[in-house]
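One structure is given here, and the rest of the page talks about it.
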Amino acid sequence: MRTSSATVATSSDGEGSVRTRSQTQRRKRIVQAAAALASRGGVEAMQMRTVAERAGVALGTLYRYFPSKMDLVVAVVGEEIDLLESSIERRPPGAATPEGRAVDVLMRATRGLMREPELADALIRSLIMAEVQTPFGDRMAGLLLRVSGEGLSFEQASEEQRDLAGSLAGIWVHELLEMLRGRRTYDQIQRRIETAASRLLADL
């Protein structure tokens, strides 16, 4: 009798695992569809019905995963940061100083985003005007702390360290917006980020 119960439990766990994988894949498909649309026409192109059609899911299913367009924008941003973190894990910054490693990360992020300028512009403008809490600032600050503080986590960092990393991330977002508006070149952004990082992170 115990063997039968264990078999049922194992089967149930297996079904749950398959269901979770299916949900994860469906969510990823939705986010990728939204990013593809935004890369061609900005946030305006991310109409919920269009995203659902492109992802191959029902509109109701899309709303269960993402109750609003802003939630979807936040998810797309999260996906971009995931890609950046994966890139850093594969190829960590090699600079000898905290500020040098931070600059490496931010300029790598700049190059990645500028491959899809419509998407970058849509995401950053939407986040600035967001009416929902977004993890973008904290995630970028946490990433900067990890690379510049040699593994320092956001939770382990002092309030001052978090503020410094957050300020640098904020400067980068502003400079990226200026570049998207045609007011900065890549070299100008790098010079400004290097200057800011040298002031903010030199003692990290």
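The values are calculated or read from the model by the stated rules, or taken from the named source; none is laboratory data. Being a predicted model, the structure only gives us computed values, none of them experimental. All Cβ positions, even for glycine, are placed from backbone atoms using ideal geometry, and neighbour counts span all protein chains on display. For the accessible areas, the whole protein counts, side chains as well, though only heavy atoms, and no ligand, DNA or RNA atoms are used. Shrake-Rupley method; radii C 1.70, N 1.55, O 1.52, S 1.80 Å.
Is it the case that Arg111 is within 11 Å of the chain's Cα centre (by Cα), within 24 Å of Glu178 (Cα to Cα) and either open to solvent by 10 Å² or more (accessible area, probe 1.4 Å) or without any contact (Cβ under 8 Å) to a residue 40 or more places away in the chain (or both)? Quick ask: steps written out before the conclusion?
Working: within 11 Å of the chain's Cα centre (by Cα): no; within 24 Å of Glu178 (Cα to Cα): yes; either open to solvent by 10 Å² or more (accessible area, probe 1.4 Å) or without any contact (Cβ under 8 Å) to a residue 40 or more places away in the chain (or both): yes.
Here the answer is no, as Arg111 does not meet what is asked.
Return a yes/no flag: does the range 119-134 have any residue that is in a helix (DSSP H, G or I), small (Gly, Ala, Ser) and at pLDDT 85 or above.
No, the conditions are met nowhere in the range 119-134.
Looking at the range 174-196 only, could you name the residues that are open to solvent by less than 80 Å² (accessible area, probe 1.4 Å) and either of a type in the set (Asp, Glu) or closer than 15 Å to Val103 by Cβ (or both)?
Glu175, Leu176, Glu178, Tyr186, Gln188, Ile189, Gln190, Ile193, Thr195, Ala196
Being of a type in the set (S, T, N, Q) and part of a helix (DSSP H, G or I) is the filter; apply it to the range 41-84 and report the residue that is most open to solvent (accessible area, probe 1.4 Å).
The qualifying residue most open to solvent (accessible area, probe 1.4 Å) is Thr50.
List pairs: first in the range 190-204 and touching a residue at least 24 places away in the same chain (Cβ under 8 Å) and assigned to a loop (DSSP other than H, G, I, E, B), second among the basic types (Lys, Arg) and buried (at least 20 other Cβ atoms within 10 Å of the Cβ), Cβ under 9 Å, 6+ apart or cross-chain?
Note: pairs meeting the criteria are Leu201/Arg101.
Looking at (1) within 27 Å of Leu145 (Cα to Cα); (2) part of a helix (DSSP H, G or I); (3) open to solvent by less than 30 Å² (accessible area, probe 1.4 Å), can you tell me which one Pro93 breaks?
(2)
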